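K.L.:
After the structure tokens below, expect a handful of questions from me.
The values are calculated or read from the model by the stated rules, or taken from the named source; none is laboratory data. Just so we're clear, the structure is a prediction, and the values are computed from it rather than from any experiment. No Cβ is skipped: glycine too gets one built from the backbone with ideal geometry, and neighbour counts run over all protein chains shown.
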Amino acid sequence: MLVVAGRIAAVGPALAAPQGVPVVDAKGWLLAPPFVDAHFHLDATLSAGLPRVNESGTLLEGIALWGELKPLLVQDAIVERALRYCDWAVAKGLLAIRSHVDICDDRLLAVEALLHVRERVAPYLDLQLVAFPQDGLLRSPHALANLERALDLGVDVVGGIPHFERTMADGAASVRILCEIAAKRGLRVDMHCDESDDPLSRHIETLACETQRLGLQGRVTGSHLTSMHSMDNYYVSKLLPLMREAQVHAVANPLINITLQGRHDSYPKRRGMTRVPELMAAGINVGFGHDCVMDPWYPLGSADMLEVAQMGLHVAQMTSQAQMRACFDAVTVNSARILGLEGYGLEPGCRADFVLLQARDTVEAIRLRATRLLVVRGGDVMAHTPPANATLALPGRPPEVDFTAQR
């Protein structure tokens, strides 16, 4: 690959480098486009333990805990935690994040903080913000006005949470209102949709219909969609073609869905994640998100999208070679489509953003959660990590056995 002026100029074997251009020997390791996180909450990240921990591990206690934390938030602390997480992300080759930001605090403290962060990280990371009415657009008294204010300030995407409204009818009404706002403003839509174990939570159907009614095809995403894991197959056979026809994207969050959902089950216990292989087979673009890292909903995480892909293929039982490659796509090219990233990829003319992974192919990259040897943005090295090597010298075994990349 030849990089000139921050763009990929040519791709092929034995390219001649212009005089003075540094040459990197990739040594046969995997060159991939950068990782993309299609669903995250940067305003809450790294806040675990404030003001207490989520003892039940449930979604609803996490929402309640976030409600307790919101009045205590300080803008500088939000900025500091978000910037720290963005540093983690770049080191892991994650160069684009779509983050939902809660707009139900009348101060819009988190919105202002993340708008500042977006500007700060722009040289090395694409941060896309979603105006998210965490407490419900119609359930929270000032949410609609706050959402409009957030969009006026420069937030990129219209968000929603219809299943958290007081009634199914209110949930459907919120979808209609939010899609109309997006259509009027020419914006994308990304809704937390049917993040529930209830098979009767069917707001994705309304979202797909509003997408078609308003001509928003290709600009709308339904995130989580976990109720689909409990729906009967006949209804899903109707729903999937509707989503495909509307060109609605889907985002699963494997680490969080497998953790938060199914909490009310004894046994048999549902897996929690939406029907990823079925969505993909139906021709629907599916991305994966990390969703949470060390916050009221999830106490773990490290900004590693290969961990997300690995959990996704386990939960969805996607272990054929093609399916595992599809899980790699879910944290790269599929999620880039969801964000509408321009100049993304490894083709001539694309922006020179890429990651060199210590793996021979995408399946091995997921299996090993491969070391990011180089992370490059616009042709400039943003991070580098020495190769992971190990040697063993055990009694009765040959000395200095090399386990590089565990091949």
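K.L.:
Just the residues that are among the polar types (S, T, N, Q) and farther than 15 Å from A282 by Cβ, please, taken from region 195-238.
P.N.:
S196, S201, T206, T211, Q212, Q217, T221, S223, T226, S227, S230
K.L.:
Of A150, A145, which residue is more than 17 Å from the chain's Cα centre (by Cα) and surrounded by 24 or more Cβ atoms within 10 Å (Cβ to Cβ)?
P.N.:
The conditions single out A150.
K.L.:
Name the residue, out of V286, V220, that is over 18 Å from Q317 (Cα atoms), assigned by TED's automatic domain parsing to the domain that holds L59, in contact (Cβ under 8 Å) with a residue 24 or more places away in the chain and buried (at least 24 other Cβ atoms within 10 Å of the Cβ).
P.N.:
That would be V220, the only listed residue that is over 18 Å from Q317 (Cα atoms), assigned by TED's automatic domain parsing to the domain that holds L59, in contact (Cβ under 8 Å) with a residue 24 or more places away in the chain and buried (at least 24 other Cβ atoms within 10 Å of the Cβ).
K.L.:
Which of (1) in contact (Cβ under 8 Å) with a residue 40 or more places away in the chain; (2) assigned to a loop (DSSP other than H, G, I, E, B); (3) under 27 Å from Y85 (Cα atoms) does E342 not meet, given it meets every other one?
P.N.:
(1)
K.L.:
Just wondering, is there one or more residues in region 3-22 that are basic (K, R), modelled with pLDDT of 95 or more and closer than 30 Å to H192 by Cβ?
P.N.:
Within region 3-22, not a single residue is basic (K, R), modelled with pLDDT of 95 or more and closer than 30 Å to H192 by Cβ.
K.L.:
Moving to a separate point now. Filter region 112-155 for residues that are outside any strand (DSSP E or B), hydrophobic (A, V, I, L, M, F, W, C) and more than 30 Å from M382 (Cα to Cα) and give the result.
P.N.:
Passing the criteria: L137, L138, A143, L144, A145, L147, A150, L151.
K.L.:
With the requirement that a residue be more than 23 Å from H39 (Cα to Cα) and among the acidic types (D, E), what does region 339-366 give you?
P.N.:
E347, D361, E364
Yes/no matrix, rows are residues, columns are (1) surrounded by 11 or more Cβ atoms within 10 Å (Cβ to Cβ); (2) over 16 Å from L260 (Cβ atoms); (3) in contact with a Gly (Cβ under 7 Å, 6 or more places away or on another chain); (4) aromatic (F, W, Y):
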position: L15; (1), (2), (3), (4): yes, yes, no, no
position: Q19; (1), (2), (3), (4): no, yes, no, no
position: V23; (1), (2), (3), (4): no, yes, no, no
position: A32; (1), (2), (3), (4): yes, yes, no, no
position: V36; (1), (2), (3), (4): yes, yes, no, no
position: F40; (1), (2), (3), (4): yes, no, yes, yes
position: N54; (1), (2), (3), (4): yes, no, yes, no
position: G57; (1), (2), (3), (4): yes, no, no, no
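K.L.:
Suppose we filter region 113-124 for residues that are of a type in the set (A, V, I, L, M) and farther than 21 Å from V189 by Cα; how many remain?
P.N.:
The number of residues fulfilling the criteria is 4.
K.L.:
Right, another one. Look through region 95-133, keep the residues that are touching a residue at least 60 places away in the same chain (Cβ under 8 Å) and in contact with a Gly (Cβ under 8 Å, 6 or more places away or on another chain), and return whichever of them is surrounded by the fewest Cβ atoms within 10 Å (Cβ to Cβ).
P.N.:
Here the answer is V130.
K.L.:
Which of the following residues is buried (at least 24 other Cβ atoms within 10 Å of the Cβ), β-branched (V, I, T) and in a strand (DSSP E or B): V158, V175?
P.N.:
Going through V158, V175 in turn, just one is buried (at least 24 other Cβ atoms within 10 Å of the Cβ), β-branched (V, I, T) and in a strand (DSSP E or B): V158.
K.L.:
Pick out the one residue from G289, G272 that is of a type outside the set (K, R) and out of contact with any Gly (no Cβ under 6 Å at 6 or more places or on another chain).
P.N.:
G289
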